[in-house]
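Undergrad: Can you read through this structure? Questions will come right after.
None of the figures in this text is laboratory data; all of them are computed from the coordinates on show. Every value quoted in this text rests on a predicted model; they were computed, and no experiment measured them. Ideal geometry is used to build each Cβ from the backbone, glycine not excepted, and the neighbour counts take in all protein chains shown.
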């Protein structure tokens, strides 16, 4: 459990330190930036742990390759988030979310601790894979005559990695497409460029999908590691212990927490982007009819063929077309 404990300590210490400085300066300018740095620090912390590889040259971890590729995708995803949020904070010269809290230390602290929870929980799939590697390496080291190797990935792992990579690509490209559209003067009144032509919020769709794929990798990778290390009794004890049976499934908290944040909180995500904020479309005669048509044919998250032909009741049930996202004139 050392990796998970270390990750939690680093995360909450870093965010609390950020809060102290931000509270003294009464600023929020580096809130998002520190969140991105925190993600990258967790990737670095676990990836460079001495326990990942046995000191015996004849012993390697069972899913080191999975760790390598997953870490690369994680760093690309969170590295982009760091760059994008830093640029956005600079261009906007502040964040309206903090206007009424940055002068209130107790409330400001809550924001920072929520970010700490967000970073730690979202990173859980990678942390589980890191823990699996460390535990397997330790087991191999305790049995010096045992060689535990798995130099290739399973078909399921390859599919999940491809999905993870595509979701990261979708989020990054969507952010770029929206930014370029804004810089062109918002032609048409609302963005329909690229991914935005098939999803009203492709950036959020990519964010949600990538953590579902990452959680799948943690679960499948753990199972593959257990199977391929059957020659090591100590390794099997780790994977079949109560903790070993539960830990990989804890990675599901990552996509579930992401969906909670992006779909059900009025201050961020889809609800914040739609709902009453749709006033700029519904009360603008130049774009109202076109936006209503776009909305009826375009799903809020994941691209779905012939979306306009699906009954509203089905959209509500399966497609996240929730009533809370609709505009209601005050």
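Undergrad: How many nm is it between the label spots at residue 101 and residue 314, if each spot is 7 Å from the Cα in line with the beta carbon?
TA: With each label point 7 Å from Cα toward Cβ, the separation is 4.0 nm.
Undergrad: Also: Suppose each label sits 7 Å from its Cα in the direction of the beta carbon; what would the residue 290-residue 68 distance come out to in nanometres?
TA: The modelled label-to-label distance comes out at 4.9 nm.
Undergrad: Counting other C-beta atoms within 10 Å, which of 195, 302, 16 has the fewest, and how do the rest follow?
TA: 16, 302, 195
Undergrad: For residue 283 and residue 184, what is the calculated FRET efficiency with R₀ set at 25 Å and r taken between the beta-carbons, to the nearest 0.05?
TA: The formula returns an efficiency of 0.60 here.
Undergrad: Under a plain spin-label model, where a point goes 7 Å from the Cα along Cα-to-Cβ, how far apart in nm are residue 110 and residue 17?
TA: So the label points at residue 110 and residue 17 sit 2.6 nm apart.
Undergrad: Report the calculated FRET efficiency for residue 223 and residue 45 (r = Cβ-Cβ distance, R0 = 22 Å), to the nearest 0.05.
TA: Computed FRET efficiency for residue 223 and residue 45: 0.30.
Undergrad: For residue 176 and residue 268, what does the FRET efficiency come to when R0 = 25 Å and r is the distance between their Cβ atoms, rounded to the nearest 0.05?
TA: Efficiency, rounded to the nearest 0.05: 0.75.
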